[in-house]
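Here is the structure we will look at, set down as structure tokens.
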Amino acid sequence: MAIYLIRHGETEWSRSGRHTGSTDIPLTEHGAQMASALAPLLAGVRLASVLVSPRQRAQDTCRLAGLGRDAQIEPDLAEWDYGDYEGLRSTEIQAARPDWDIWRDGCPGGESPAAVSARADRLVARLRALPGDVAVFSHGHFGRVLTARWLRRPVDLGQHLTLDPATLCVLDLDARHANVPVILRWNVSAPAL
């Protein structure tokens, strides 16, 4: 089984670096083009399931990538809940809290690292129980958390993984050691638009 992890395409807030958790921001025109460009990367993949975040930007990316017809909404694929920091840039948060680190501190009024880790663990257990390859359409921070937990590592491993808009990652189990989770591909983008 392989997990095809896809981050949604560009939005105005992702382009400007604003934390976008629960706010349902649409894709930009460029973000829609980026999402459409994913279709060839996914065209030859035989998927048993397609799961998508409840946020419209992820659903639109899924549809434009050619997989929307069979997608199921999965609430656990939603972005990290930024609570009081929703819509702010990291630099704005750090101006008030210079030592703030989402990977250590989480967000007041939102999710802690432990909470987002528990959510990712729930999803990993569900993904491991599904037969066949699965595509999941999600978000930047949560995709990094999901990957860390897939690898059975702490959430803060995610700070070392760049995940650009409209990119594809492949998580799997090692072909020689079936109980060892691995990253087969990371942050793969479609050919330049």
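The values are calculated or read from the model by the stated rules, or taken from the named source; none is laboratory data. Keep in mind it's a predicted model, so treat the numbers as computed, not measured. Ideal geometry is used to build each Cβ from the backbone, glycine not excepted, and the neighbour counts take in all protein chains shown. In case anyone asks, the SASA skips ligands and DNA or RNA and just uses the protein heavy atoms, side chains included. Shrake-Rupley method; radii C 1.70, N 1.55, O 1.52, S 1.80 Å.
Data for the structure
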item	result
Filtered residue count, region 147-192, keeping only those that are open to solvent by 40 Å² or more (accessible area, probe 1.4 Å) and at negative phi	25
Region 2-39, residues that are surrounded by fewer than 15 Cβ atoms within 10 Å (Cβ to Cβ) and closer than 17 Å to Asp133 by Cβ	Ala39
Selection within region 53-63 - in a loop (DSSP other than H, G, I, E, B) and either open to solvent by less than 20 Å² (accessible area, probe 1.4 Å) or in contact (Cβ under 8 Å) with a residue 40 or more places away in the chain (or both)	Ser53, Arg55
Residue count, region 142-193 (criterion: in contact with a strand residue (DSSP E or B) (Cβ under 8 Å, 6 or more places away or on another chain), over 22 Å from Pro40 (Cα atoms), outside any strand (DSSP E or B) and not hydrophobic (A, V, I, L, M, F, W, C))	5
Pairs, first under 14 Å from Arg46 (Cα atoms) in region 124-138, second of a type in the set (A, V, I, L, M) and assigned to a helix (DSSP H, G or I), C-beta under 9 Å, six or more apart	Val134/Leu127; Ala135/Leu42; Val136/Leu77; Val136/Leu123; Val136/Leu127; Val136/Leu146
Exclusive hit being over 24 Å from Ala166 (Cβ atoms), open to solvent by 30 Å² or more (accessible area, probe 1.4 Å) and either of a type in the set (D, E, K, R) or within 16 Å of the chain's Cα centre (by Cα) (or both), set Arg126, Arg144	Arg126
Residues within region 64-92 that are farther than 22 Å from Val116 by Cα, at pLDDT 95 or above and open to solvent by less than 40 Å² (accessible area, probe 1.4 Å), tallied	3
Cross-chain or 6+ apart pairs with Cβ under 7 Å, region 176-188 first and more than 26 Å from Gly9 (Cα to Cα), then open to solvent by 70 Å² or more (accessible area, probe 1.4 Å)	Pro181/Arg152
Any chance Gly132 is in a loop (DSSP other than H, G, I, E, B) and more than 25 Å from Cys62 (Cα to Cα)	no
Scope region 64-119; condition among the charged types (D, E, K, R), without any contact (Cβ under 8 Å) to a residue 12 or more places away in the chain and either touching a His at 6+ places or on another chain (Cβ under 9 Å) or in a helix (DSSP H, G or I) (or both); matching residues	Arg69, Glu92, Asp105
